[in-house]
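Accompanying notes for the structure given below.
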Number of protein chains: 2
Amino acid sequence: MIVEVVAVGTELLLGQITNTNAAVIGAALAAAGHDAHYQQVVGDNLDRIVATLKLAMSRADAVIVTGGIGPTQDDLTREALCAATGRQMLESAEYAEHLRKWFEARGRTMSASNLRQAQYPEGAVMLPNPKGTAPGLYLEHGGVKVFCVPGVPAEMEHLIHHEVLPRLNDHGESVLLSRVIRSWGKPESEVAELLDDLYVGSVNPSLAFLAGSGEIKIRITAKAPDEATARELIEPMEAEVRARLRDAVFGADDQTAEKILLDMLRGKGWTIATAESMTGGLVAAALTAAPGASDTVKGGAVTYWSEVKGAVLGVSDVSEVVDAETAAEMAEGARRLFGADVAVSVTGEAGPEPAEKPVGTVFIGVSTPEGTKVREMRMAGDRERIRSFAVTSAIHLTRLAVSGRWWR
Amino acid sequence: MIVEVVAVGTELLLGQITNTNAAVIGAALAAAGHDAHYQQVVGDNLDRIVATLKLAMSRADAVIVTGGIGPTQDDLTREALCAATGRQMLESAEYAEHLRKWFEARGRTMSASNLRQAQYPEGAVMLPNPKGTAPGLYLEHGGVKVFCVPGVPAEMEHLIHHEVLPRLNDHGESVLLSRVIRSWGKPESEVAELLDDLYVGSVNPSLAFLAGSGEIKIRITAKAPDEATARELIEPMEAEVRARLRDAVFGADDQTAEKILLDMLRGKGWTIATAESMTGGLVAAALTAAPGASDTVKGGAVTYWSEVKGAVLGVSDVSEVVDAETAAEMAEGARRLFGADVAVSVTGEAGPEPAEKPVGTVFIGVSTPEGTKVREMRMAGDRERIRSFAVTSAIHLTRLAVSGRWWR
C-alpha cells in the first residue's frame with residue numbers, strides 16, 4: 001500500500017522543531033511493508049492544508065496527517081479534512097462528555113475550546129488517545145484511508161501502532177525487507193562504480209547508498225509476499241555486493257564498527273585505551289557509547305597540550321606533535337598508563353587555523369601486543385567534519401589492527 | 001519572498017535519517033525574513049523528483065533542493081532539474097579539472113562517476129562547495145530561483161549561508177529577527193509556567209521554547225520593516241523573560257555554555273582539565289569542539305575502570321566509585337596530573353544495568369584554586385540521554401564554580 005505522511009504545523013516550516021514524526025512513521029511503515037513516495041509539510045493555514053490533503057489523497061492509498069488536531073484556534077486539520085472531502089463537521093456528545101470527565105478527574109475546568117476535540121467529519125471514526133485529550137481520526141474517502149494523529153510524538157506513536165497500522169495491514173500486505181551492508185575504506189564514487197550495473201538494473205531487490213563520516217552503507221531492499229521470499233531475493237545480491245567490495249565490507253545492519261571492535265577484543269581477552277589530541281575524547285566516547293563497554297575499555301587520555309603529551313604519555317619530543325613518531329609514542333604511552341593490551345592514538349590538525357601541518361592532516365596510531373603502526377591521512381572539510389572522520393578512521397584502523405590484518 | 005524546501009532521498013521516506021536539513025534551512029529563511037508555505041520530501045525516483053520540482057516552482061518564488069547531487073547513480077537531482085525545466089545537461093571542463101586536482105591533492109585517483117558532479121543544466125551557475133566535491137547549483141527559470149545544495153548537513157549549511165541567502169536577500173524584505181535566551185537549571189515545566197502569560201499573548205514578538213540536554217532556549221521573534229524596529233519589539237520582551245528566569249539565564253543566541261566557560265577561564269588566566277568516567281570523554285570533546293580551545297584546555301583523563309581511577313588519578317578508595325569522595329578526588333587528581341588550575345569530574349551510572357547506585361545517579365565534581373565541590377544529581381532516560389545531560393550539567397556547574405557563584 002502506498003502511504004503518504006503529511007505534517008501540519010508552522011513551527012515545522014520555521015525550523016523551530018524538526019520533523020521527527022515523519023521519520024518515525026516512515027520507519028514504521030517500511031517495517032510493515034508499505035511504500036512511501038512523498039512526504040509533505042504545511043503550515044497552519046486552512047486553504048494550504050486542504051490543497052496538501054487533496055494532493056496526497058490523489059496519489060496515495062492512505063494518508064497519515066500529524067498535527068493540527070489540538071484544541072487551539074490554529075489547529076485546523078479537522079476543518080481541512082471536511083473541506084477536502086466535502087463533508088460536514090459533527091460533534092460527538094459522547095466524546096464531549098469524556099473530555100469533561102477527563103478534566104474533572106484532574107481537578108481542572110474544561111475551557112470551551114476543548115470541545116473542538118469532540119468534532120469530527122461526517123463518516124469519520126474517532127481513535128482513542130489514552131495519552132492526551134485529542135482523539136485521532138480515521139476516514140475512508142474515495143477508496144483512500146485518511147488518518148489524523150496528534151503531533152505530540154508520544155501520542156502520535158501510540159496511535160500509529162495501536163490504531164493506524166492495524167487498519168493498514170488488514171489485507172495481507174507484502175513485506176518490505178532491508179539489509180544494510182556497511183563498508184569503510186573506499187570512497188563513495190568508487191563504491192558506486194563497483195556496483196554500477198547492479199544499481200542500474202535493480203528494481204527488486206533495489207539498491208541505495210548512504211554515506212557519512214567515511215562509512216558507506218549499501219541498502220538492499222526487497223519486496224515479497226513473505227519474509228522468507230524477501231530474504232531469498234536479498235541473499236544473492238548481498239553476496240554479489242560483498243564479493244565486489246571485498247575487504248571494505250565490515251558489517252551489516254546494526255553492527256557498528258565500535259561493536260565489532262569490542263567483540264573482537266573480548267574474543268582475544270584484550271583491553272583497550274585511547275590517546276587523543278585533536279579528537280578531544282570523541283574516540284573514547286564512541287567506544288563507551290554502547291552498554292557493556294566497561295569490560296573492555298579501561299580508559300583514555302586526552303592530551304591536548306604538547307607538554308601534556310610528554311608529561312602524561314611520555315612522548316619524547318614535543319616540539320612537533322603532528323607526526324608519526326608522536327602518534328606511535330602516544331599509543332604506546334596509553335598502553336603503559338592504563339595497563340591496556342591495545343591503544344589507539346589520534347594527533348592532527350582539525351583547524352580552522354593551520355599550525356604545524358595543513359588542516360586535515362591526521363596521524364592515527366594503533367599499538368597492540370603484536371606491534372605499533374601509524375597511518376597518515378588527509379581529510380577535507382571543517383573542524384567538526386575532520387574530527388568526526390578522524391574518529392571513524394581510528395575505530396576502523398584499530399579494528400583492522402586487532403583482526404591481525406594490518407591496514408595497507 | 002516565498003521559499004519552498006525540497007528534500008530528496010529515499011532514506012528520508014524510510015525514516016533511516018531525520019530531515020534536519022529542512023529545519024535548519026527553515027530557521028535560516030525565517031531569520032532572513034522569508035516566508036515558507038510548504039516543504040516536500042521525495043525519494044530517489046526521477047519522475048517523482050521532476051513532479052515535486054514542478055509543483056514547488058509553480059507556487060514559490062524560490063526553491064531550495066537538498067540532496068541528490070552526489071556522484072552516485074541514485075543522485076538524480078541534476079537530471080530532474082533538466083527535465084523539469086526542459087534544459088539540456090552540460091559538463092564543466094573547468095570543474096572536471098578542479099575535481100581531478102582535488103583527488104590528486106589527496107593522493108587518490110578520480111573515478112569516472114565523479115564527473116557527474118561537473119554536470120549542470122544549461123544556464124545554471126555552479127556554487128562552490130569548499131567542504132566537499134559536489135558543487136551547488138543556481139538556476140533562474142521562469143522567474144523562479146532554484147538552488148540545489150548537498151544533503152550532507154555541513155556542506156548544505158555552508159552553501160545556504162554563503163551562496164543561497166545572499167542571492168535571496170537582494171530585494172528589500174521585511175526583517176524577521178530572532179533573539180534566543182539560553183537558560184539552565186530550571187525544569188521546562190517551571191520555565192513554561194513562569195512565562196505562560198507572555199507566551200499565550202505573544203504575536204509580535206512571538207515566543208517559542210526549545211528544550212534539550214537540560215538547557216531550555218526561549219526564542220523571541222519579531223517581524224518589522226527594518227532591523228532597528230524589530231530590535232525595539234524584542235528588547236522589552238527579553239528584559240521581561242530575563243527578569244522572570246533570573247539566574248537560570250546564562251547566555252543568548254550563539255553563546256554556548258562551553259564558549260562562556262572558556263572565556264571566563266581566559267579572563268582569569270586559568271587552564272582546565274577533565275576527569276570522566278560515565279561520560280567517557282564527552283566533556284573533554286565538548287570543551288575542545290570550539291576552535292581555539294587549545295589555549296585553555298590542557299587535557300583530560302577518561303578513567304573508565306575503577307582501578308584506573310586509582311592508578312591514574314590517585315583516587316584513594318576504588319571499592320566504590322559512584323560517590324562524592326570519588327568525584328572530588330578525580331577532579332583534584334586531574335588538576336595534579338595535567339597541571340591545570342581547574343578540573344571537572346563526572347562519575348555515575350549511565351545504565352542500562354544498575355551497578356553500585358540506581359541508573360541516572362551522577363556525581364559531578366569541580367576543583368578550582370578556591371576549593372573543590374561536588375553535586376549529586378539524578379537523571380532520567382536512557383544511557384545516551386543520561387550521558388548528554390551529565391555533560392551539560394558538568395559544563396554548567398564548572399561555569400558556576402569558576403564564576404565564583406558556587407551552585408546552590
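Roughly how many percent of the accessible protein surface of chain B is carbon and sulfur, given a 1.4 Å probe and a whole-percent answer?
51 percent
So which trypsin sites (Lys or Arg not before Pro) in the stretch A:51-106 pass both tests, a DSSP loop state and at most 12 other Cβ atoms within 10 Å of the Cβ?
Sites meeting the loop and neighbour criteria: A:R106.
Length gain on complete extension for the stretch A:A324 to A:K101, per 0.36 nm per residue less the alpha carbon to alpha carbon distance?
Roughly 73.1 nm would be gained on extension.
Expected output is a single nm value to one decimal: the length gained when fully extending between B:S213 and B:E376, i.e. 0.36 nm times separation in residues minus the C-alpha distance. What is it?
Length gained between B:S213 and B:E376: 57.0 nm.
Please quote Rg/Rh for the stretch B:175-252 to two decimal places, taking the Kirkwood radius as Rh and restricting both calculations to Cα atoms.
Here the Rg-to-Rh quotient is 0.96.
Using a 1.4 Å probe, what is the accessible area per residue for chain B, in Å²?
39 Å²
List for the stretch A:182-206: residues with 50 Å² or greater reduction in accessible area, all protein chains versus chain alone, probe 1.4 Å?
A:S189, A:E193, A:Y199
What is the Cα convex hull volume of the stretch A:3-168 when expressed per residue in Å³?
Taking only Cα atoms, the stretch A:3-168 has a hull volume of 108 Å³ per residue.
Considering only DSSP beta bridges where both residues belong to the protein assembly as shown, give the percentage that are antiparallel (nearest 5).
Bridges in the protein assembly as shown are about 65 percent antiparallel.
List the residues of the stretch B:90-138 that lose 20 Å² or more of accessible area once all protein chains are present, compared with their chain alone (1.4 Å probe, heavy atoms only, no ligands or nucleic acids).
Output list: B:R106, B:R108, B:S111, B:S113, B:K131.
Distance from the Cα centre of the stretch B:343-394 to that of the stretch A:153-199, in angstrom?
Their Cα centres are 37 Å away from one another.
A:D47 versus B:L46, label points 7 Å from Cα toward the beta carbon: distance in nm?
With each label placed 7 Å out from Cα toward Cβ, I get 3.7 nm.
For the stretch A:64-70, just list the computed ³J(HN,Hα) in residue order, Karplus coefficients 6.51, -1.76 and 1.60, θ = phi - 60°, integers in Hz, with x standing in for Gly and Pro.
Each residue of the stretch A:64-70 in turn: 10, 9, 10, x, x, 10, x Hz.
Report, largest value first, the span of the C-alpha coordinates of the protein assembly as shown along each principal axis, in whole Å.
Extents along the principal axes, in whole Å: 79, 65, 57.
For the stretch B:311-351, which residues drop by 10 square angstrom or more in accessible area between the chain on its own and all protein chains together (1.4 Å probe)?
Residues passing the criterion (a loss of at least 10 Å², heavy atoms only) are B:V312, B:L337, B:F338.
Return the average number of partner chain Cβ atoms within 10 angstrom of each residue Cβ along peptide A:27-39.
4
Given q = 0.17, 0.24 Å⁻¹, what are the Debye log10 I(q)/I(0) values for the stretch B:85-183, with equal point scatterers placed on the Cα positions and solvent ignored?
-0.86, -1.35
In whole Å, what are the extents of the stretch A:249-408 along the principal axes defined by its C-alpha atoms, from largest to smallest?
40, 32, 29
To the nearest 0.05, what FRET efficiency results for B:D295 and B:S189 with a Förster distance of 35 Å applied to their C-beta separation?
The value I calculate is 0.30.
Compute the Kirkwood hydrodynamic radius of chain A, taking the inverse of the mean of 1/r over all pairs of distinct Cα atoms, and give it in Å to one decimal.
Every distinct Cα pair counted, the radius reaches 25.0 Å.
Can you give the extra length, in nm with one decimal, that the chain gains between B:D253 and B:A239 once fully stretched, where that is 0.36 nm per residue apart less the Cα-Cα distance?
Once the chain is fully extended between B:D253 and B:A239, it gains 3.6 nm.
Between B:E97, B:E163, B:E240, which gets the highest mean-square fluctuation from a Gaussian network model of chain B, Cα cutoff 10 Å?
Of B:E97, B:E163, B:E240, the most mobile in the Gaussian network model is B:E97.
What lysines could a cross-link reach from B:K145, if we take a straight Cα to Cα line under 27 Å and drop same-chain neighbours fewer than 8 places away?
Counting by Cα, and skipping residues close in sequence, B:K145 has these lysines nearby: A:K54, B:K54, B:K131, B:K223.
Lysine pairs, Cα distance under 23 Å, 8 or more residues apart or cross-chain: how many in the stretch A:257-403?
Lysine pair count for the stretch A:257-403: 10.
What nm distance separates the two modelled labels at A:S113 and A:K54, each placed 7 Å from Cα along Cα→Cβ?
Each label point is offset 7 Å from its Cα along the Cβ direction, giving 2.9 nm.
Within 10 Å of each Cβ of B:47-58, how many other protein chain Cβ atoms are there on average?
Partner Cβ neighbours, averaged per residue: 1.
Considering every residue in B:4-17, what mean count of other chain Cβ atoms within 10 Å of its Cβ is obtained?
6
Am I reading the B/A interface right? What is its buried accessible area, both sides, 1.4 Å probe, to the nearest 100 Å²?
Summed over both sides, the interface buries about 6000 Å².
Where does helix B:188-201 land angle-wise versus the long Cα axis of chain B, in degrees 0 to 90, nearest 10?
Once rounded, the angle reads 50 degrees.
The values are calculated or read from the model by the stated rules, or taken from the named source; none is laboratory data. Computed from a predicted model, the values in this text were never measured in an experiment. In this analysis, Cβ positions are derived from the backbone assuming ideal geometry, glycine residues included, and neighbour counts consider all displayed protein chains. Just the protein is used for accessible areas: all its heavy atoms, side chains included, with ligands, DNA and RNA removed. Shrake-Rupley method; radii C 1.70, N 1.55, O 1.52, S 1.80 Å.
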